[in-house]
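Asker: So that we are looking at the same thing, I have put the structure below in structure tokens.
The values are calculated or read from the model by the stated rules, or taken from the named source; none is laboratory data. Everything numeric in this text was worked out from a predicted model, so none of it was measured. Cβ sites come from the backbone with ideal geometry, for glycine too, and all protein chains shown count toward neighbours.
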Amino acid sequence: MKKLSKFSSLAYLVLAAITISSGLFAGVAYAGIFVWADLPGAAPDVEAVTFEGTETAVNKISADITRQIAGRSGFILSSICPASFELTAAGECNLVTRYQFYDSVQQRGVGGTQTALPKHRSGFTPQQIDLGRYLFFDPLLSKDGTVSCASCHHPELGFSDGRGRSIGIGKEPTARGAPSLWNMTFLTSFFWDARANSLEQQAQGPLFDEKEMANSPEKLLASIRSNAYYPAMFAQAFPDIEKPTLEQLYTALAAFQSSLISLNSRYDQYAHGFHQALTADEIAGLNVFRSFVARCAECHQPPLFTNNQVAVIGTPEPDGLPFDSGAEKTFNSTKLRGGFKVPSLRNIGKTAPYMHSGRFEQLGDAVAFYNKGRGHALPENEQLQLHWHIWEPNLTDEEIARLVDFLGTLTDESLLPEVPQVLPSGLMPVQSLPLSEITKEQKDKANATDTVAAITTNNAIKNQGN
Ligand code: HEC
Ligand code: HEC
């Protein structure tokens with residue numbers, strides 16, 4: 001075991017970063033508190049995890065640092081709800097938004113600005129949300145410790161990954177692209193083909209998928225239970241239960257994802273009555289969006305910008321990829337062949353490329369798709385039952401440009417959670433990755449073969465050196 005005197009300067013930098021970040025975030029109800037008060041004490045000699053693959057150098061350094069600074073105190077989960085939530089007498093975090101004061105969608109008709117939100121998940125405690133935050137960023141959840149949920153749902157990329165199709169452990173693209181995770185709390189089904197009915201069920205997809213995180217339930221449970229810190233953290237989040245269970249892990253991930261709320265964009269300010277929040281061009285775009293000519297709001301219903309339904313719209317695959325039958329299989333219904341869940345358009349400016357497998361690079365291309373004629377992109381041998389709101393609106397270039405302007409007003413990342421600086425596994429969380437820092441070269445390379453882990457590891461080194 002290393003003594004404090006052997007602390008590398010790197011460790012001090014990380015300590016400084018933690019101190020600075022806890023200062024910075026003191027006013028925000030989010031920060032998970034990492035206690036290192038009894039630093040000089042005997043830190044447990046933890047071999048955090050043994051992986052079948054090789055750990056990167058950075059991850060080893062990080063594990064060292066965790067061992068040295070964590071001491072006996074471990075991690076204390078936040079007892080405060082994230083911003084926009086208030087703590088109830090029962091100790092649960094309750095979402096508060098202005099939309100709760102409006103009537104239901106039905107009473108206003110689609111496209112109205114002051115319409116109510118659909119029902120949402122609730123009942124999570126601050127500790128469950130905070131535990132979920134650590135788990136979400138922890139590559140410990142994957143088979144070889146290289147991929148976390150955040151690898152494909154990166155907070156700086158709108159909780160998506162900037163790719164048409166994601167890449168996980170398998171280094172080979174998954175079938176579809178990673179959707180944004182903002183406002184998951186309002187959704188009733190998950191995945192592009194709506195095959196999961198809850199966030200808990202959804203999480204088991206990537207965790208145990210060979211191409212994504214490739215773990216097994218047994219190994220996942222064992223690595224959580226044998227970790228030096230997680231059992232105590234699970235006990236804070238789920239006080240009634242003795243040992244961590246997988247159900248608790250799924251619940252905590254659901255709790256964290258349910259706290260990702262994006263409802264304070266410039267569009268929302270406009271909707272709540274502050275008309276100066278949008279420019280004349282953006283308002284013109286909103287009016288096209290909700291017109292009966294363009295019909296966007298029929299499916300992308302405000303305020304969520306989805307109606308939580310599956311629709312067959314006939315989007316093309318990227319060149320060379322086979323036709324994706326989408327929700328046909330989920331519902332065992334040929335009517336839904338080629339059907340996909342209507343995605344929310346919130347933060348759409350951050351989540352290019354677009355559609356289920358990223359066929360369109362630019363937002364303008366995704367919007368122009370709707371103007372090219374019903375079924376124009378279908379393979380010859382496919383006769384899909386296209387949704388009746390998909391037609392030929394004959395929008396002008398000007399109208400398409402205004403639609404794109406309007407979609408840009410749906411960006412709101414004010415409640416972005418804090419990425420944990422240190423994880424219970426000692427592995428590197430996916431680090432801050434400002435869009436501007438991803439060079440085209442890196443992106444192309446990543447798109448071709450590499451994993452996000454490689455980019456983030458690179459970046460992690462850079463961040464630590466700052
Ligand atoms: C390898 C990349 C990858 C990893 C790792 C990953 N995801 Fe995903 N995620 C995706 C892709 C791709 C989809 C869409 C798949 C589909 O629809 O068939 C998706 C879909 C989702 C959805 C559904 C969103 C919606 O609108 O329907 C949620 C929620 C989600 N992921 C959460 C998670 C969580 C939690 C983890 C960690 C346990 C995780 N993901 C790990 C790539 C990933
Ligand atoms: C019939 C329902 C329907 C209508 C009408 C509709 N959409 Fe969509 N929209 C969808 C579905 C379903 C998808 C996902 C399709 C896919 O991935 O293949 C989608 C995807 C999108 C995307 C890409 C989202 C992402 O995360 O990749 C954008 C942008 C979009 N729509 C904008 C619009 C605009 C603008 C209009 C009006 C001109 C419109 N939509 C009309 C159902 C609809």
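Asker: Looking at this structure, is ASN197 more than 10 Å from ligand 1 (Cβ to nearest atom) and closer than 28 Å to ILE261 by Cβ? Break it down into steps so the answer makes sense when it comes.
Answerer: Values: more than 10 Å from ligand 1 (Cβ to nearest atom): yes; closer than 28 Å to ILE261 by Cβ: yes.
When the stated conditions are applied, ASN197 passes them.
Asker: Return the pairs, sorted by first residue and then second, in which the second residue is within 9 Å of ligand 2 (Cβ to nearest atom) and hydrophobic (A, V, I, L, M, F, W, C), the first residue lies in the range 335-348 and is closer than 15 Å to GLN301 by Cβ and part of a helix (DSSP H, G or I), the beta carbons are less than 7 Å apart, and the residues are 6+ apart or on different chains.
Answerer: ILE348/LEU363; ILE348/LEU407
Asker: Is the range 354-361 home to any residue that is among the aliphatic types (A, V, I, L, M) and touching a helix residue (DSSP H, G or I) at 6+ places or on another chain (Cβ under 7 Å)? Walk me through how you get there before you give the answer.
Answerer: If we filter the range 354-361 for residues that are among the aliphatic types (A, V, I, L, M), which is where we start, we get 355.
Now restrict to residues that are touching a helix residue (DSSP H, G or I) at 6+ places or on another chain (Cβ under 7 Å): 355.
Yes, the conditions are met somewhere in the range 354-361.
Conditions (1) buried (at least 16 other Cβ atoms within 10 Å of the Cβ); (2) more than 20 Å from the chain's Cα centre (by Cα), marked per residue:
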residue	(1), (2)
SER122	no, no
GLN127	yes, no
ASP130	yes, no
LEU135	yes, no
LEU140	yes, no
ASP144	yes, yes
VAL147	yes, no
CYS152	yes, no
LEU157	yes, no
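Asker: Additional query: Would you point out the residue of the range 351-404, among those that are of a type outside the set (Ser, Thr, Tyr) and within 16 Å of ligand 1 (Cβ to nearest atom), that is nearest to TRP182 (Cα to Cα)? Steps first, please.
Answerer: So the first thing to find is which residues in the range 351-404 are of a type outside the set (Ser, Thr, Tyr), and the list is 352-353, 355-356, 358-369, 371-395, 397-404.
Filter once more, keeping what is within 16 Å of ligand 1 (Cβ to nearest atom): 352-353, 355-356, 358-359.
Details: ALA352: 15, PRO353: 17, MET355: 16, HIS356: 17, GLY358: 18, ARG359: 21 Å.
Per the stated criteria, the residue is ALA352.
Asker: Take the range 140-172 and flag every residue that is more than 27 Å from SER414 (Cβ to Cβ) and either of a type in the set (Ser, Thr, Tyr) or more than 9 Å from ligand 1 (Cβ to nearest atom) (or both).
Answerer: LEU140, SER142, LYS143, ASP144, GLY145, THR146, GLY164, LYS171, GLU172 - these are the residues of the range 140-172 that are more than 27 Å from SER414 (Cβ to Cβ) and either of a type in the set (Ser, Thr, Tyr) or more than 9 Å from ligand 1 (Cβ to nearest atom) (or both).
Asker: Another one. Among the candidates LEU181, LEU187, which residue alone is within 29 Å of GLN236 (Cβ to Cβ), touching a Phe, Trp or Tyr at 6+ places or on another chain (Cβ under 7 Å) and hydrophobic (A, V, I, L, M, F, W, C)?
Answerer: Values: LEU187 fails: touching a Phe, Trp or Tyr at 6+ places or on another chain (Cβ under 7 Å).
Exactly one residue qualifies, and that residue is LEU181.
Asker: Checking PHE159 against (1) within 16 Å of ligand 2 (Cβ to nearest atom); (2) at pLDDT below 95: exactly one of these is not met. Which one?
Answerer: (2) is the only condition that PHE159 fails.
Asker: Taking the condition in contact with an Asp or Glu (Cβ under 9 Å, 6 or more places away or on another chain) and not assigned by TED's automatic domain parsing to the domain that holds GLY358, does LYS219 pass?
Answerer: In short, no.
Asker: For PHE190, are the conditions met, namely being under 19 Å from GLU413 (Cβ atoms) and not assigned by TED's automatic domain parsing to the domain that holds PHE305?
Answerer: For PHE190, the condition - under 19 Å from GLU413 (Cβ atoms) and not assigned by TED's automatic domain parsing to the domain that holds PHE305 - is not met.
Asker: For the range 317-337: of the residues being touching a Leu at 6+ places or on another chain (Cβ under 8 Å) and surrounded by fewer than 22 Cβ atoms within 10 Å (Cβ to Cβ), which is nearest to LEU386 (Cα to Cα)?
Answerer: ARG337
Asker: Hey, another quick one. Assuming ARG266 fulfils every condition listed in (1) crowded, with 21+ Cβ neighbours inside 10 Å; (2) of a type outside the set (Val, Ile, Thr); (3) under 25 Å from SER160 (Cα atoms) apart from one, which condition is it?
Answerer: Every listed condition holds for ARG266 apart from (1).
Asker: Please state which of the following conditions GLU392 fails to meet, knowing it meets all the rest: (1) without any contact (Cβ under 8 Å) to a residue 24 or more places away in the chain; (2) within 10 Å of ligand 2 (Cβ to nearest atom); (3) assigned to a loop (DSSP other than H, G, I, E, B).
Answerer: Only one criterion in (1) without any contact (Cβ under 8 Å) to a residue 24 or more places away in the chain; (2) within 10 Å of ligand 2 (Cβ to nearest atom); (3) assigned to a loop (DSSP other than H, G, I, E, B) is unmet by GLU392, namely (2).
Asker: Moving on. Can you confirm whether the range 109-116 contains a residue that is within 13 Å of ligand 1 (Cβ to nearest atom), surrounded by fewer than 18 Cβ atoms within 10 Å (Cβ to Cβ), more than 24 Å from PHE85 (Cα to Cα) and over 18 Å from the mean Cα position of the chain (by Cα)?
Answerer: Initial filter on the range 109-116 (within 13 Å of ligand 1 (Cβ to nearest atom)): none.
Checked against the condition, which is being within 13 Å of ligand 1 (Cβ to nearest atom), surrounded by fewer than 18 Cβ atoms within 10 Å (Cβ to Cβ), more than 24 Å from PHE85 (Cα to Cα) and over 18 Å from the mean Cα position of the chain (by Cα), the range 109-116 yields no hits at all.
Asker: Given the residues GLU392, GLU361, which is the only one that is surrounded by fewer than 16 Cβ atoms within 10 Å (Cβ to Cβ) and out of contact with any Pro (no Cβ under 9 Å at 6 or more places or on another chain)? Before you say what the answer is, go through the steps one by one.
Answerer: Details: GLU361 fails: out of contact with any Pro (no Cβ under 9 Å at 6 or more places or on another chain).
Only one candidate qualifies: GLU392.
Asker: List the number of the failed condition for GLN301; all other conditions in (1) closer than 30 Å to ARG163 by Cβ; (2) in a loop (DSSP other than H, G, I, E, B); (3) away from ligand 1 (no atom under 16 Å from the Cβ) hold.
Answerer: All conditions pass for GLN301, except number (3).
Asker: Something else about it: Determine which single condition GLN276 fails, assuming it passes every other condition in (1) assigned to a helix (DSSP H, G or I); (2) surrounded by 15 or more Cβ atoms within 10 Å (Cβ to Cβ).
Answerer: (2)
Asker: Which numbered condition trips up LEU336, out of (1) near ligand 2 (Cβ under 8 Å from one of its atoms); (2) touching a strand residue (DSSP E or B) at 6+ places or on another chain (Cβ under 7 Å)?
Answerer: Among (1) near ligand 2 (Cβ under 8 Å from one of its atoms); (2) touching a strand residue (DSSP E or B) at 6+ places or on another chain (Cβ under 7 Å), LEU336 violates only (1).
Asker: Now for a different question. Among the residues in the range 275-294, are any in contact with a strand residue (DSSP E or B) (Cβ under 7 Å, 6 or more places away or on another chain) and within 9 Å of ligand 2 (Cβ to nearest atom)?
Answerer: Checking the range 275-294: not a single residue is in contact with a strand residue (DSSP E or B) (Cβ under 7 Å, 6 or more places away or on another chain) and within 9 Å of ligand 2 (Cβ to nearest atom).
Asker: Under 8 Å between Cβ atoms, which residue pairs at least 6 apart in sequence (or on different chains) link something in the range 165-186 that is on the phi > 0 side of the Ramachandran plot with a partner that is assigned to a loop (DSSP other than H, G, I, E, B) and within 12 Å of ligand 2 (Cβ to nearest atom)?
Answerer: Listed pairs, sorted by first residue: ASN183/SER344; ASN183/ARG346.
Asker: Can you tell me which of ASP138, ASP161 is among the acidic types (Asp, Glu) and farther than 27 Å from LEU363 by Cβ? Before you say what the answer is, go through the steps one by one.
Answerer: Details: ASP161 fails: farther than 27 Å from LEU363 by Cβ.
Residue meeting the stated conditions: ASP138.
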